[in-house]
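**Q** Supplied in structure tokens, the structure appears directly below.
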Amino acid sequence: AVKVLTTLRNHWKKTTFGVCLLSWGGNWLYGRHCDNLLRRAACQEAQAFGNQLIPSSMPLKKATVFLNPAACKGKARNLFEKNAAPILHLSGLDVTVVKTDYEGQAKKLLELMENTDLIIIAGGDGTVQEVLQELSDTNVNLLFSCVQAAFSKIPIGFIPLGKTCTLSHTLYPESTNKVQHIINATLAILKGETVPLDVLQIKGEKEQPVFAVTGLRWGSYRDAGVKVSKYWYLGPLKTKAAHFFSTFKEWPQKHQAALMYLGPTERPPEEPEEKPSRPPLYVRLYRRLWLYWSSRPKEVPREVSPEDWDELKLSTIELSIATRNRQLDLTRTEDFMDICIEADTVSKGQFVNRGSQKMRDPHTCPEGSQCIQASRCILQLPEGTEGSFGIDNEEYEAMPVEVKLLPRKLWFFCDPRMREQMLHAAVQ
């Protein structure tokens, strides 16, 4: 024993390296073991759904999974197959996986829409937008004809596999364990609780409309945020470095535009799930004859009042237009999107500090900003404006756009605990 201790002391550098390596390896193995226990428990819970008896005349529920293998730096496919796929198959679902890593899928997506009971999007924010966009690119009016008629009725599950998964903050409890987060999302699909989410339709002058479930950003924080990855070698300081170096440009950085907007709209009552049965033929004939022979005076058509648009000239360091999906209120009586116009009188120090906050919550509205609630808006940019929009964390060329709120258009599966929290918060 003395000889061993003497050897370890004489080679203390190798000893220290060996201890660190063994500690790291032990921690890694323990983490793998814990992840396997989580997977096993989730599979047992899914098996309970699969063992439920169904009538022989009832077909299996069909689930279409749109998987983006490129998400999470190419790790998404492995994450899905190890953590989500076994749960879905054990639950008794008839699962079809469609990869979204090649072009020309719109036709295939439409064919699958007619023969699926639920949709599962496996990826990040970009994958959610890509599925919506593939549908809309086939036809200009496709979102209205397909999404309202079919997509709105088909519940959607979201399995967070990407680097940015904004929707997961609304739908599932926070978790630092990636495996646990994916498992919670997959089990939430089986439990069947859903919540309605709003969609933004963003249309340029000539471009096809773009659809977003989170929102649009235009400004200096967004521009600096996309450059953070360039400073990877600075580790935890990369975010502050990206924002600090961006202040070397012309300062203060101002984005000027004209904004026209309409206020919130009153939420209509919920539509009944079952439509009333059609009256018999003789009743319909009697009604038509009675209306034809009726001598009632014709109604004078009412004059439609022009929409009351508000106009605003703005100069801002950043503008964001966001849905209320992040702060979901299931009992609100009005539908609107949040427009945040941040003051352009920000010091360089404030800009660097707020930049870190913006990376965590991109659509946060700092104190001193002008906040507007609107159901529709038109953003006019000065001629020659350069730069880019960030729409659901995807980059698009900056141009004049019209943004329209499509309230409660998509129904997403969510964790029952999150839905209960939303209802409890609304009551308070």
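**Q** So which of 62/153; 61/404; 348/404; 82/191 end up more than 22 Å apart by C-alpha?
**A** Pairs exceeding the cut-off: 61/404; 348/404.
**Q** For the pair residue 333 and residue 383, what calculated FRET efficiency results from E = 1/(1 + (r/R0)^6), where r is the Cβ-Cβ distance and R0 = 35 Å, to the nearest 0.05?
**A** After rounding, the FRET efficiency stands at 0.30.
**Q** If you don't mind, another one. Write out the chymotrypsin sites (Phe, Trp or Tyr not before Pro) in the range 199-268 meeting two conditions: DSSP loop, and at most 16 other Cβ atoms within 10 Å of their Cβ.
**A** Qualifying residues, ordered by number: 248.
**Q** Can you run phi through the Karplus equation (6.51, -1.76, 1.60; θ = phi - 60°) for the range 241-248 and list ³J(HN,Hα) in whole Hz, with x for Gly and Pro?
**A** Each residue's phi maps through the Karplus curve to give 5, 4, 6, 5, 5, 6, 6, 6 Hz.
**Q** Check which residues have an amide H placed less than 5 Å from residue 159's amide H, if you skip close sequence neighbours.
**A** Result for residue 159 returns 121, 122, 123.
All of the numbers you see were taken from the coordinates with simple rules; none came from a lab. Keep in mind that what you see is a predicted model, and the values were worked out from it rather than measured. Cβ atoms come from the backbone with ideal geometry, glycine included; neighbour counts cover every protein chain shown.
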